[in-house]
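Any read-out appearing in this document is the output of simple, stated calculations on the displayed coordinates, not a laboratory observation. Keep in mind it's a predicted model, so treat the numbers as computed, not measured. Every residue, glycine as well, gets a Cβ built from its backbone with ideal geometry; the counts of neighbours run over all protein chains shown.
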Amino acid sequence: MGDSRGHWEGDTLVVDTTNLRFNNLSRFGFVYQKGMTDENLHITERFTRKAADTIIYQATLDDPTVYTHSWTIEVVMYPLGGAIYEYACHEGNYALSDILAGARADEKKNASQQGHE
């Protein structure tokens with residue numbers, strides 16, 4: 001969604017992302033309300049392995065035209081038990097309710113036409 005450059009700082013992988021695609025739909029992987037970020041957003045992500053089964057993820061968001069100062073989130077990541085599915089494999093699920101609604105409308109239309117034959 002932008003231009004990302006990674007480098008190592010000791011044991012930490014640092015990824016700097018700028019020039020994010022700006023629209024009213026999504027920034028940093030989340031759907032935001034209008035005005036939450038703009039084209040000046042700069043994200044610095046840090047991935048640090050703390051143990052064989054633990055990664056500390058930090059993301060600092062800096063957007064001086066929207067926020068008075070940068071802010072950081074931190075998430076401790078552990079392995080999941082079970083299968084891992086790529087997110088892209090499930091992106092069609094967002095449209096599933098519309099697909100099913102269309103199919104139900106077709107079924108209803110076909111049923112009413114069969115009753116008039």
Problem - Stretchable slack from D38 to S97, in nm (0.36 nm times residue separation minus alpha-carbon distance) - result: 18.2 nm
Exercise for the section: Rank-order 4-10, 61-67, 78-84 by packing density, defined as the average count of other C-beta atoms within 10 Å over each peptide's residues, highest first. Expected result: 61-67, 4-10, 78-84
Problem - Estimated FRET transfer efficiency when R0 is 22 angstrom, pair A51-V15 (beta carbons, to 0.05) - result: 0.55
Handout entry: Potential lengthening between S70 and K109 on full extension [0.36 nm per residue; Cα-Cα distance subtracted]
Key = 8.6 nm
